[in-house]
Amino acid sequence: MPEMPEVQGLTLFLGERAVGRTITRTSVAAIAALKTYDPPITALHGAEITKATRLGKFVVLSCGDELHLVFHLAKAGWLRWYDTLPATLIKPGKTPIALRVALDDGSGFDLTEAGTKKSLAVSVVRDPHEVPGIARLGPDPLDESFTRDTFAALLDGRRTQIKGLLRDQAVIAGIGNAYSDEILHAARMSPYAIAATLTDADIDRLFASMQQTLTEAVAEASGKPPADLKDAKRRGMQVHARRGEACPVCGDTVRSVFFADRSLEYCPTCQTNGKPLADRRLSRLLR
């Protein structure tokens, strides 16, 4: 799933390539991906893209102040950019393409989604905050106003496992499964630590790890075309999606815990005092 660093990379890329261009045509191939009808998507035709911004994991392409194309790539979505947009017609149901956007210089992009579970979401709105997922977003962890004390206040009193809290978009915007694994590994913290029980030293360490991990990942994603962002993300991972490999910090074997639709990865030596966490598919969690 694209998370904050990759979405920021996409936003910067679109800021360079699409801002200043006029949308000439949109083609919806997956009607379920289009979540709004007023304004109609055809309202974008003839509109100039004036700004590209990121809100959490959402990309917002603004056409002035009162018309915005907003999309969320969900678990298996992606953006495919073309300097020269293909002339072939899109056949609904026969392609992974959900939406095609053509620009006035012949360039454009497709929003695609792999797999059978379709969650990619596209909206055309007068205000980005009309999109429910944006309206409920928590603060951005890389915003200047997001301080260590802001973070501590979000944790205070929450009887929630820290892994789930970091992934909760209503608490902190932009972090998903992959980067929460990476942040917790860098902080040497168990994914099952309870937020309300963290000490001041724990919070200091976790906040610093979050800031450093995300800042470095955003820097790595910046300047890369969409086609290179996924590989860059994989190369930067220390534990996520590296089950069975050696932890680059201590050399222990990276392990996984599996859930219904995802897994988490961690290093026992670095994060759980050498104690493996039980696989949820097989037994109760060890804490």
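The values are calculated or read from the model by the stated rules, or taken from the named source; none is laboratory data. The structure presented is a predicted model; accordingly, all values stated were derived computationally and were not measured. In this analysis, Cβ positions are derived from the backbone assuming ideal geometry, glycine residues included, and neighbour counts consider all displayed protein chains. Only protein heavy atoms, including side chains, enter the accessible area calculation; ligands, DNA and RNA are left aside. Shrake-Rupley method; radii C 1.70, N 1.55, O 1.52, S 1.80 Å.
Hey, among the residues in segment 149-178 that are among the charged types (D, E, K, R) and over 15 Å from S263 (Cα atoms), which one's surrounded by the most Cβ atoms within 10 Å (Cβ to Cβ)? Walk me through it before giving the result.
Of all residues in segment 149-178, those among the charged types (D, E, K, R) come to 149, 156, 158-159, 163, 167-168.
Now narrow it down to the ones that are over 15 Å from S263 (Cα atoms): 149, 156, 158-159, 168.
Working: D149: 10, D156: 11, R158: 17, R159: 8, D168: 15.
Among those residues, the one meeting the criterion is R158.
Residues of segment 50-72 that are more than 22 Å from L166 (Cα to Cα), touching a residue at least 40 places away in the same chain (Cβ under 8 Å) and outside any strand (DSSP E or B): C63, E66, L67.
For segment 16-44, the set of residues classified as surrounded by 15 or more Cβ atoms within 10 Å (Cβ to Cβ) and either outside the structural domain of I90 (by the TED database) or assigned to a helix (DSSP H, G or I) (or both) consists of R17, A33, I41, A43, L44, listed by residue number.
Specify which of the listed residues (D181, D228) is open to solvent by 60 Å² or more (accessible area, probe 1.4 Å) and in a helix (DSSP H, G or I).
On the way: D181 fails: open to solvent by 60 Å² or more (accessible area, probe 1.4 Å).
None of the other options fit; the residue is D228.
Among the residues making up segment 260-280, those that are more than 17 Å from M189 (Cβ to Cβ) and open to solvent by less than 40 Å² (accessible area, probe 1.4 Å) are S263, A278, D279.
Evaluating Q238 against the criteria (1) outside any helix (DSSP H, G or I); (2) open to solvent by 40 Å² or more (accessible area, probe 1.4 Å); (3) out of contact with any Pro (no Cβ under 6 Å at 6 or more places or on another chain) leaves one unmet condition, (3).
Rundown of residues vs (1) among the aliphatic types (A, V, I, L, M); (2) closer than 13 Å to A18 by Cβ; (3) open to solvent by less than 10 Å² (accessible area, probe 1.4 Å), yes/no style:
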site: T53; (1), (2), (3): no, yes, no
site: E66; (1), (2), (3): no, no, no
site: H72; (1), (2), (3): no, no, no
site: G77; (1), (2), (3): no, no, yes
site: T84; (1), (2), (3): no, no, no
site: T88; (1), (2), (3): no, no, no
site: L99; (1), (2), (3): yes, no, yes
site: A102; (1), (2), (3): yes, yes, yes
site: P128; (1), (2), (3): no, no, no
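One residue stands out in segment 157-178 among those that are of a type outside the set (G, A, S) and either in a helix (DSSP H, G or I) or without any contact (Cβ under 8 Å) to a residue 24 or more places away in the chain (or both): the one that is nearest to A246 (Cα to Cα), namely N177.
Residues are listed down the side, and each one gets a yes or a no for (1) closer than 17 Å to L166 by Cα; (2) in contact (Cβ under 8 Å) with a residue 40 or more places away in the chain:
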site	(1), (2)
P96	no, no
L99	no, yes
F109	no, yes
L155	yes, yes
